[in-house]
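Here is the structure we will look at.
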Amino acid sequence: MSVRRLAEDQFQPAAFAFNDENATWADKTIQKYPAGRQQSAVIPLLMRAQEQDGWVTRAAIEKVADMLDMAYIRVLEVATFYTQFQLGPVGTRAHIQVCGTTPCMLRGSEALMSVCKSKIHHHAFERNAEGTLSWEEVECLGACVNAPMVMIGKDTYEDLTPERLEEIIDTFEAGNGASITPGPQIDRHFSSPEGGPTTLTEEEPKAKKASAKKAVAEAATAQVDAAPVPPSEAARPKSTDAETNAALKTPVTAPKAAAKNVKAVEEQAVAAPATEAGKPSLTDKNRPAGIEKPATPDDLKLISGVGPKIEGTLHELGIFTFAQVAGWKKAEREWVDGYLNFKGRIERDDWVKQAKALAKGGEAEYIKVFGKKPR
Ligand code: FES
């Protein structure tokens, strides 16, 4: 840890005063704080004094204390605590603060200090012969991820090698310090991995975004379609807009959840007829006529309310095409509805209308009729 003492008397000027610009700035800064809390401006004022004269003199400390109505010792405590305050004259072109804390030390800070010793002065805080450069060792400056590093003024220079630090020192010595870009001195963007990012490198394709959006929308439909039917509604021929709107407000968590719901409803619906006394007979005259499985059966799951399990049951009944469903008479619809234990759902979801549209023109016709894609 650096020893923090005021400079010898021989370096201390007799007085300190902010120049006009800085005096105006100091007044405004003090006014930012509530009455009685002006002491909060101590650090900004000390820093401005340092920027003006290059270091914080005893006279500056006393001046700031007077301005803020503080005891000298209180301002001295602040100035000697923080290493960003220089308590003695430093290089006029650069004062190099080399981080010597563990991560930087493990990554070569000792070699950087050797450079400072050879190019500037063997001892920290001593200026070179021209008085333009000085250096010191400081504690962690918060850029450990890009160790080793140095700070010059308000900028940090990271991922340093001894050679690169030599170049930087030479550039400052030549008065061209502003030409150096601060931050990592290697092929690294801020604190990204060296050589470029290694994760999250691809933008999400637009098509993928659109399909995710579609999946969410379809999940909403699926969840509404798959919602269990309250017994009191069983006798109602058709849901009203209000009921549909209420159902649509049901929170949708994810497509998966909706699919799960479809499955659950299907299982409940299919399992129930087997145990119910009123289950329609397979030999009932109202059972819709089945057909042999065609080479390419229609995707009955496009009908709202039909999931994989219901589709399987329909297949067992010999129902494979939209045209078959579209042709069901009322008695046949009631038979299927009873067989699936759907409690009137086939009517409410209007399977016949859906199937007619799908049979006539597939998805395009369905969209034309219903204003949305089949699920
Ligand atoms: S250890 Fe050097 S910046 Fe943190």
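The values are calculated or read from the model by the stated rules, or taken from the named source; none is laboratory data. What you see is a predicted model, and the numbers here were worked out from it, not measured in a lab. With ideal geometry, Cβ positions are generated from the backbone for all residues, glycine too; neighbour counts draw on all protein chains shown.
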- Task: Please indicate, with yes or no, whether at least one residue in region 292-304 is of a type in the set (Ser, Thr, Tyr) and part of a helix (DSSP H, G or I).
- Result: no
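If a residue must be of a type in the set (Asp, Glu) and over 21 Å from residue 284 (Cα atoms), how many such residues does region 311-366 contain? Let's see the steps before the verdict.
First, the residues of region 311-366 that are of a type in the set (Asp, Glu): 311, 316, 332, 334, 337, 347, 349-350, 363, 365.
If we keep only those that are over 21 Å from residue 284 (Cα atoms) as well, we get 349-350, 363, 365.
The qualifying residues number 4.
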- Message: With the structure loaded, tell me whether residue 325 is of a type in the set (A, V, I, L, M), modelled with pLDDT of 90 or more and under 17 Å from residue 374 (Cα atoms) or whether it fails that test.
- Response: yes
- Query: Between a first residue in region 350-375 that is closer than 19 Å to residue 320 by Cα and a second residue that is modelled with pLDDT under 90 and loosely packed, with under 14 Cβ neighbours inside 10 Å, which pairs have beta carbons less than 7 Å apart while being 6 or more apart in sequence or on different chains?
  - Reply: 374/363
- Query: Is one or more of the residues making up region 50-57 more than 27 Å from residue 131 (Cβ to Cβ) and assigned to a helix (DSSP H, G or I)?
  - Reply: no
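From 182, 148, grab the single residue that is within 16 Å of the ligand (Cβ to nearest atom), modelled with pLDDT of 95 or more and buried (at least 21 other Cβ atoms within 10 Å of the Cβ).
Checking each option against the conditions leaves just 148.
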- Item | Residues satisfying the stated conditions in region 85-121, i.e. within 14 Å of the ligand (Cβ to nearest atom) and either within 22 Å of residue 48 (Cα to Cα) or at pLDDT below 95 (or both) | 96, 97
- Note on the structure: Taking region 151-174 and the residues there that are away from the ligand (no atom under 15 Å from the Cβ) and of a type in the set (A, V, I, L, M, F, W, C), the one that is farthest from residue 105 (Cα to Cα) would be 174
- Message: Among the listed residues 129, 143, identify the single one that is hydrophobic (A, V, I, L, M, F, W, C) and either within 9 Å of the ligand (Cβ to nearest atom) or crowded, with 16+ Cβ neighbours inside 10 Å (or both).
- Response: 143
- Message: Can you pull out every residue in region 310-333 that is charged (D, E, K, R), in a helix (DSSP H, G or I) and surrounded by fewer than 17 Cβ atoms within 10 Å (Cβ to Cβ)?
- Response: 316, 330
- Message: Within region 298-312, does at least one residue satisfy the condition of being at pLDDT 90 or above and over 47 Å from the mean Cα position of the chain (by Cα)?
- Response: no
- Does residue 201 meet the test of being within 16 Å of the ligand (Cβ to nearest atom) and either under 27 Å from the mean Cα position of the chain (by Cα) or crowded, with 18+ Cβ neighbours inside 10 Å (or both)? no
- Query: Taking the stated definitions as given, is residue 62 out of contact with any Gly (no Cβ under 9 Å at 6 or more places or on another chain), farther than 21 Å from residue 168 by Cβ, free of Cβ contacts under 8 Å to residues at least 12 places away in the same chain and surrounded by fewer than 17 Cβ atoms within 10 Å (Cβ to Cβ)?
  - Reply: no
